[in-house]
1. Scattering from the C-alpha atoms of the range 13-54 alone, worked out with Debye: what is log10 I(q)/I(0) at q = 0.22 1/Å?
2. Calculate how steeply helix 64-79 sits against the longest principal axis of the alpha-carbon atoms of the chain, using the helix alpha-carbon long axis, and give the answer as 0 to 90 degrees to the nearest 10.
3. Using Cα-only point scatterers and the Debye equation, what is log10 of I(q)/I(0) for the range 31-73 at each q in 0.16, 0.20 Å⁻¹, rounded to two decimals?
4. By counting other Cβ atoms within 10 Å of each Cβ, how are 44, 62, 29 ranked from fewest to most?
5. Just grab the label-to-label distance for residue 46 and residue 24, each label 7 Å out from Cα along the Cβ direction, in nm (one decimal).
6. Can you tell me the convex hull volume per residue for the chain, based on C-alpha atoms, in Å³ to the nearest whole number?
7. For n ≥ 4 DSSP H runs only, could you compute -39500 (n - 2.57) per run for the chain, divide by its residues and tell me the 222 nm figure to the nearest 500?
8. Could you work out the relative contact order of the chain? I mean the mean sequence separation of Cα pairs under 8 Å and 6+ apart, divided by the number of residues, in percent.
């Protein structure tokens with residue numbers, strides 16, 4: 001996986017083609033996160049970059065639940 005552990009979070013930044021692609025990717029991730037009831041911090045910046053930060057808010061750390069969500073997001077990224 002292309003995730004970096006930083007400050008107790010799994011972090012990944014993705015460069016998209018444009019804002020529309022970044023927004024579509026954010027929305028696909030949101031659907032998975034909602035189904036798992038585990039919500040990452042998502043941010044679009046510089047109009048075509050998507051930042052994803054995954055951590056368990058209750059413990060403020062990385063847990064197995066975060067790695068599971070990251071794996072599911074990787075599937076979406078493989079389809080992009």
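1. Each listed q maps to, in turn, -0.63.
2. That works out to roughly 20 degrees.
3. These q points yield log10 I(q)/I(0) values of -0.43, -0.63.
4. Details: 44 15, 62 18, 29 21.
Listing 44, 62, 29 from fewest to most nearby Cβ atoms yields 44, 62, 29.
5. About 2.2 nm, to one decimal.
6. Values: hull volume 6.5 nm³, N = 80.
Dividing the Cα hull volume of the chain by its residue count gives 81 Å³.
7. Numbers: 2 runs with 34 residues, N = 80.
So the calculated ellipticity at 222 nm is -14000 deg cm²/dmol.
8. Working: 108 pairs, mean separation 26.9, N = 80.
Relative contact order here is 34 percent.
Read the figures in this text as sums done on the coordinates, not as results from a lab. Quick caveat: nothing in here was measured; it's all calculated off a predicted structure. Every residue, glycine among them, receives a Cβ derived from its backbone with ideal geometry; neighbour counts consider all protein chains shown.
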